[in-house]
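Since the structure comes first, as structure tokens, the remarks are kept for the end.
Here, each number is a calculation from the coordinates, and none is a lab measurement. All values reported here derive from a predicted model rather than from experimental measurement. For neighbour counting, all protein chains shown are included, and Cβ atoms are generated from backbone atoms with ideal geometry for every residue, glycine included.
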Amino acid sequence: MQKSQTRRIAIIVPGGVGETPEGGKPLAPLANLLARIAKEFGVTVYSLSRVLPAAPLSGGPVFRLRAAPGRHGDPLPARMARLAGLLLKDHFTERYCLVHGFWAFPAGFLAVMLGKLLRIPSIVSLQGGEAACVPQIRYGNMYHPRLKKITLWTCRRAGELTALTRFQEQELRRFGLEREGIRIIPYGAEAQFYPPGEKKLLPPYRFLHVGNLTEVKDQPTLLRTFARVSREAACELRIVGPDYLNGELQSLAAELGIAGKVAFTGHLSHAELPAHYQWAQALLHTSYYEGQGIVIAEAAAAGVAIAGTAVGLIADLGESCAVAAPVGDDKMLAEKLLFLLRRPEEWENIRRNAREWALQHDAEWTAGEFLTLYQRALEGGKAVFSAGFKDFP
């Protein structure tokens, strides 16, 4: 496809595409995806968060980046209104053919509203907790009644809707979403950065966890699972990610008697992760909820066996590609891991199947799916406008 200045699209994000004055960093999978899309379309990315004027990727500016004017801490409605005004002003000189919002709210909601106003196709891509309802930690759009209503309205009224996994789609349907044609497009790994290392299944077994240390990741279940396994097999655990729990997990590791077997690295850049995937034999990921879990795709691409709770991508991959247990069930997960550690051939089959899936669904595949979706939306004409503002929340 030849890039044409007449084929311009507006992409709305809450953040994650550039460095912020407060020290925030780009989300590498999202920024890399937008860079690939920008090779085929003229792309302007509108960020609800303030961003520094530097290029979001080291290769130089590949898409135009605009941010809502204002100060840090301004109310969300004010930032949404300013960003909408900025996009509308640009549209009258650049004439966008499509508007795409990542995350249902606020970016996806804005994309649907602006698409209807400008009479251009809108796409909404679900990303994080849109389908989640975790009462014990008050997490997820489906837990909060007002946000649930806005999210479901946005999903119904988007011209095209994408989800990261079938699990995410099914959860939304469980909460009342009724629409056809939801596209499942997970983030693929940059497979060339994750070459498989030597993965002979020999003790001490090397377990890895990558993720923010937060309540939704349910790392207490992770530690309890590892503690059960470590009582019967020599093993070690490396936990990579910034600590937002103020040392609670380190204290729990000490209580469980595994502090000497668990290493907490703290925050590491995305570029530093491949070395840890090469070190690991298995990824442990025990979240309450995941829309996908990009680390699962990255670990699989690196030839690391996948184990965790049956949410997000682990739920989609199934038993042929992952070791899964219900949310919070450290006993079952540990039993399954110990069973497979004694059966290297079965372990190897699961590891190999996951890697094959990851290589077939890499970052290039993800970008190709979105480009195909754009073409479908642009060929759909004005059918996407028929719903108007019916059921506006």
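Odds and ends about this structure:
- Using a cut-off of 31 Å between Cα atoms, the listed pairs Lys25/Lys200; Lys199/Lys261; Lys217/Lys261; Lys148/Lys261; Lys116/Lys148; Lys39/Lys217 include Lys25/Lys200; Lys148/Lys261; Lys39/Lys217 as exceeding that distance.
- Taking Cα centre as origin and charging only the Cβ of basic (Lys, Arg, +1) and acidic (Asp, Glu, -1) residues, the dipole magnitude of the chain rounds to 1260 debye.
- Computed from the Cβ-Cβ distance with R0 of 25 Å, the FRET efficiency linking Trp365 to Ser320 stands at 0.80.
- Prolate/oblate/rounded call for segment 127-168, Cα gyration tensor, a/c under 1.5 rounded: oblate
- Helix 28-37 vs. the chain, principal-axis angle (Cα, 0 to 90°, nearest 10): 40 degrees
- If the segment from Gln170 to Tyr244 were pulled out straight at 0.36 nm per residue, it would be longer than the present Cα-Cα gap by 23.7 nm.
- Cα centroid separation - segment 189-249 against segment 87-154, whole Å: 33 Å
- Between Arg82 and Gln278, the simple spin-label model (points 7 angstrom out along Cα→Cβ) gives 4.4 nm.
- Global form of segment 281-375, assessed from the alpha-carbon gyration tensor, a/c cut-off 1.5: oblate
- Computed over the chain: relative contact order in percent, which uses C-alpha pairs under 8 Å that are six or more apart: 15 percent
- Taking Cα atoms only, the orientation of helix 330-341 departs from the longest principal axis of the chain by about 70 degrees.
- Acute angle (nearest 10 degrees) that the helix 344-360 long axis makes with the longest principal axis of the chain, alpha-carbon atoms: 10 degrees
- Put a plus charge on the Cβ of each Lys and Arg, a minus charge on the Cβ of each Asp and Glu, and nothing anywhere else: the dipole of segment 192-360 about its Cα centre is then about 480 debye.
- Estimated at 0.36 nm per residue, the fully extended path between Thr372 and Val327 surpasses their Cα-Cα distance by 12.7 nm.
- Calculated from backbone phi, Karplus (6.51, -1.76, 1.60) coupling profile of segment 126-139 in Hz, x at Gly/Pro: 5, 10, x, x, 4, 9, 8, 8, 10, x, 5, 10, 6, 10
- Length gained on full extension, Glu22 to Thr265: 85.2 nm, using 0.36 nm per residue less the C-alpha separation.
- The packing ranking of peptides 99-105, 28-34, highest mean first, is 99-105, 28-34, where packing means the average number of other beta carbon atoms within 10 angstrom of each residue.
- In terms of its alpha-carbon gyration tensor, segment 192-360 comes out rounded; the largest-to-smallest axis ratio a/c stays below the 1.5 threshold.
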